[in-house]
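The values are calculated or read from the model by the stated rules, or taken from the named source; none is laboratory data. Fair warning: this is a prediction, and the values are worked out from it, not measured in the lab. Don't worry about glycine lacking a Cβ; one is built from the backbone with ideal geometry, like all the others, and counts go over all protein chains shown. SASA here: full protein model, heavy atoms, side chains in, ligands and nucleic acids out. Shrake-Rupley method; radii C 1.70, N 1.55, O 1.52, S 1.80 Å.
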2 protein chains.
Amino acid sequence: MNPYLIGLRCSLCGTTHAPDEVTYTCPKDNGNLDAIYDYAHLARYLDPRAITHNPDRSLWRYAPLLPVVPPAAPHTPLAALGGSPLYRAPALERALGIRAVWMKDDSRLPSSSFKDRASAMVIARAMEMGIKTICVASTGNAAAALAALCAGTDLQAVIFVPESTPEAKLAGILIHGARVYTVRGSYNDAVALAEAACREFGWYNRSTGFNPYTREGKKTAGFEIAEQLARQDARRADSGFRAPDVVIVPVGDGNIISGVHKGFRELHMLGWIEHMPRFIGVTAALAPSFYRAWQSGGEQFETIPSQTIASGIGTDRPCDGVMALRAIRSTGGAVVEATDEEMLDAMRKLATRAGVFVEPACAAAYVGLVKGRHIGVIGNDDEVVLQLTGSGFKDVRSALRAADKPIRVESLADVQP
Amino acid sequence: MNPYLIGLRCSLCGTTHAPDEVTYTCPKDNGNLDAIYDYAHLARYLDPRAITHNPDRSLWRYAPLLPVVPPAAPHTPLAALGGSPLYRAPALERALGIRAVWMKDDSRLPSSSFKDRASAMVIARAMEMGIKTICVASTGNAAAALAALCAGTDLQAVIFVPESTPEAKLAGILIHGARVYTVRGSYNDAVALAEAACREFGWYNRSTGFNPYTREGKKTAGFEIAEQLARQDARRADSGFRAPDVVIVPVGDGNIISGVHKGFRELHMLGWIEHMPRFIGVTAALAPSFYRAWQSGGEQFETIPSQTIASGIGTDRPCDGVMALRAIRSTGGAVVEATDEEMLDAMRKLATRAGVFVEPACAAAYVGLVKGRHIGVIGNDDEVVLQLTGSGFKDVRSALRAADKPIRVESLADVQP
């Protein structure tokens, strides 16, 4: 455990619990917990160059700001995780009239989604605690990340996914030897069953939002974006970190946006970046619980059955909604909705203009770019980062719906110049 | 063009042609051409640290040893390509009794296969020549690599794939807006049709082996492996490059093994590594043309219809067979065959023990590890590198065949502790 980890603070009642006393949500009111560090001490004694000059390109380079000890498994996918590329999309900049559009491509992590970051942190925590079985409820990506990173260790992964999980996501979980249960019902039904199983059998629960360490893994994407942007800018390369103007993140449980936001917030508290970026959350129009809470101005969430094709953000009720809303509101950001058709169109736009192939839930970030520009949260002179969350190979059926059809040919006579 | 590129030498007759005089194979005898540099000059004047100290982590860091000028498209997938991770697999080392087993994971490149390396080089060459349409015949991966890397440029990709191409590979091509023709027949039929179309319409042909620049892209994997191994070894980190004892590569056309071999051969000629690794080629038992040529001791290839599930190496006749055979024979390596069932089992072994999820053609490298150990080409004390060539998400149907089935549950009563 990091000696500067002070405790886990409830997002609702504000109580801070010692990390070894509480495992999941707040015992008083079930609020999501946020890991709190001794930022005053870190700001005074931690030199950012101790991080930016670290030759280790993995997310473990940020160990002084992580809750756990990096796992001792040199050169494995678990140890080498992180350092996904930050691409630029000049064709999108020209088309939309925006100064700079970057894409943080987490579809390039080992199990092809952002969720590897959270699984790595939970696995490291399980190793610290001597736990042997980790369980997760997932729409697919978190499960694949857990299954892949447990491979080759002595940890067993147990998975609960809704039966509507796309075939490719299921394959990417099963192949790693995890025990996989398909649950009749929604993602939130799988969450409930995983929680019951963990209580019954003493397994460690990695489920998103419920386990406070997931956000600690996800914040590393914010660290990496800020470090990669500083490196592009010769005048500021010395400072080590630089914030963009806007970050756009698809929202299902809200845990990715609260995580990336936390990464920037910690850098800001340490005085390593000068301002916070505005956060734009993009939800599926057919999974409207989060969007309605945003519109209400409050922090209450209804449970509303989701029907979107975007499996990665198809939640009936967000598991980390409060912290996500606060990330967006506190930075002057916005929430926009994406229809299924808009996400399919966005998959095609990102693939044809920016060369990245992502799943529908991830393509929602592009919809956020277009709509954020339209409503004025993104201006001409802004530098924007799209957080890409999952590979298009995770949902081939949607890709085939989004793309043109191939042309069958028999001979050269059928080929057009 | 690189000023130290002397010419393109025929693998059969040995004639060296000027690079601007010949585009594809040898005009005399149709032999594959090999790009030749002024190695004597480079050995004298090129400091390896000019490469190893380059902050650019992409394959363009090797520009002094590449035929073309790096494309001017900062931070795009095309410009950022390369630098795939080199993982270690301690569980495989223990299970097989081998000192060191590494995996060069090119499934992590932008279009999720090794073929990005070759497409990048051909695209850069097309840009130098002012060509606007690039065509390729492919079993799927080379096509996806071309389509993805042409996105956002003003280049148009035209693709020919056999109609048996797995759905996911097709989706990964179509989504990028390439024009895709599915050809009734085999990969080699697609190769023939692409060649005819290029002749007819003046398109630039990227087809593997036929275009000599594909090998120039692929050799960068050899450079990266040698550089990454040296970095792991504190005593030798200064020398910049280090060769393993054995490199294992799946063989379809033979162009990947001839490419990776060329990377090591150039480092050896420059005096930057002390020895050449032994190369083990792994073919599909149901695509036996290359294996029979290996067994015959000669360099003649029969055309034999392929029927393997391993689409990536399902060739009737290898397009770069001669150079591949020489790479293996000249280093004291071997060729072994993998059955479809062995490849499915290997997918599962790599996924459960090493955490990597790869397609059947790629999993063949693991079969090569086991069989190479068995026949003595790999010893206890060897350091072995498996070249991973394509993601398991490219062929989900095979993954579902290789993996256990999920368990359907209704309630906690159905869950086992």
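Observations on the model:
Residue-wise test of (1) within 20 Å of residue A:393 (Cα to Cα); (2) in contact with a Leu (Cβ under 7 Å, 6 or more places away or on another chain).
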site	(1), (2)
A:79	no, no
A:83	no, no
A:90	no, no
A:96	no, yes
A:102	no, yes
A:106	yes, yes
A:109	yes, yes
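- Taking the stretch B:59-103 as the range and being at the interface with chain A (Cβ under 10 Å from one of its Cβ atoms) and closer than 13 Å to residue B:225 by Cα as the test, the residues that pass are B:83, B:84, B:85, B:86, B:87, B:88, B:102, B:103.
- Among residues that are more than 15 Å from residue A:214 (Cα to Cα), within 14 Å of chain B (Cβ to nearest Cβ), open to solvent by 10 Å² or more (accessible area, probe 1.4 Å) and of a type in the set (Asp, Glu), residue A:106 is not included.
- Test result for residue B:100, modelled with pLDDT of 95 or more and either buried (at least 19 other Cβ atoms within 10 Å of the Cβ) or aliphatic (A, V, I, L, M) (or both): yes
- In this entry, residue B:273 is excluded by the filter for residues that are aliphatic (A, V, I, L, M), closer than 14 Å to residue B:388 by Cα and in contact (Cβ under 8 Å) with a residue 24 or more places away in the chain.
- Members of the stretch A:3-22 found to be in contact (Cβ under 8 Å) with a residue 60 or more places away in the chain and surrounded by 18 or more Cβ atoms within 10 Å (Cβ to Cβ), listed by number: A:5, A:8, A:11
- Test set (1) open to solvent by 20 Å² or more (accessible area, probe 1.4 Å); (2) touching a residue at least 60 places away in the same chain (Cβ under 8 Å); (3) of a type outside the set (S, T, N, Q) - residue B:94 fails condition number: (2)
- Strands (runs of 3 or more DSSP E) fully within the stretch B:334-417 counting 3 or more residues that are more than 14 Å from every other protein chain (Cβ to nearest Cβ): B:334-338
- Residue that is farthest from the chain's Cα centre (by Cα), among those in the stretch B:135-189 that are more than 9 Å from chain A (Cβ to nearest Cβ), in a strand (DSSP E or B) and surrounded by fewer than 24 Cβ atoms within 10 Å (Cβ to Cβ): B:156
- For residue B:241, the test of being aromatic (Phe, Trp, Tyr) and in contact with a Leu (Cβ under 7 Å, 6 or more places away or on another chain) is passed.
- Residue that is nearest to the chain's Cα centre (by Cα) [pool: residues in the stretch B:197-229 that are under 21 Å from residue B:37 (Cβ atoms) and of a type in the set (Lys, Arg)]: B:218
- Annotation note: of A:88, A:57, the sole residue that is over 24 Å from residue A:324 (Cβ atoms) and either surrounded by fewer than 16 Cβ atoms within 10 Å (Cβ to Cβ) or without any contact (Cβ under 8 Å) to a residue 12 or more places away in the chain (or both) is A:57.
- Count - residues of the stretch B:57-82 that are out of contact with any Gly (no Cβ under 9 Å at 6 or more places or on another chain) and not aliphatic (A, V, I, L, M): 7
- When A:264, A:279 are checked against the criterion of being within 17 Å of residue A:372 (Cα to Cα), outside any loop (DSSP other than H, G, I, E, B) and in contact with a Ser or Thr (Cβ under 9 Å, 6 or more places away or on another chain), a single residue qualifies: A:279.
- Taking the criterion of being in contact (Cβ under 8 Å) with a residue 40 or more places away in the chain and in contact with a Ser or Thr (Cβ under 7 Å, 6 or more places away or on another chain), the residues of the stretch B:28-54 that qualify are B:31, B:32, B:33, B:34.
- Within the stretch A:300-325, the set of residues being of a type in the set (D, E, K, R) and either open to solvent by less than 60 Å² (accessible area, probe 1.4 Å) or in contact (Cβ under 8 Å) with a residue 60 or more places away in the chain (or both) comprises A:316, A:317, A:320.
Yes/no matrix, rows are residues, columns are (1) within 16 Å of residue B:263 (Cβ to Cβ); (2) in contact with a strand residue (DSSP E or B) (Cβ under 7 Å, 6 or more places away or on another chain):
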site: B:185; (1), (2): no, yes
site: B:192; (1), (2): no, no
site: B:197; (1), (2): no, yes
site: B:200; (1), (2): no, no
site: B:206; (1), (2): no, yes
site: B:218; (1), (2): yes, no
site: B:222; (1), (2): yes, no
site: B:228; (1), (2): yes, yes
site: B:242; (1), (2): yes, no
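- Verdict on residue B:327 being of a type outside the set (D, E, K, R) and within 14 Å of chain A (Cβ to nearest Cβ): no
Conditions tested, residue by residue: (1) in contact with a helix residue (DSSP H, G or I) (Cβ under 8 Å, 6 or more places away or on another chain); (2) over 22 Å from residue B:348 (Cβ atoms).
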position	(1), (2)
B:28	no, yes
B:33	no, yes
B:56	no, yes
B:75	yes, yes
B:78	yes, yes
B:89	yes, no
B:95	yes, no
B:107	yes, no
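- Consider the stretch B:237-261 and keep the residues that are part of a loop (DSSP other than H, G, I, E, B) and acidic (Asp, Glu). The one that is least open to solvent (accessible area, probe 1.4 Å) is B:253.
- Residue under evaluation residue A:117, criteria (1) in contact with a Gly (Cβ under 8 Å, 6 or more places away or on another chain); (2) assigned to a strand (DSSP E or B), criterion not met: (2)
- Subset of the stretch A:190-231 (residues that are away from every other protein chain (no Cβ under 14 Å), over 20 Å from residue A:27 (Cβ atoms) and β-branched (Val, Ile, Thr)): A:220
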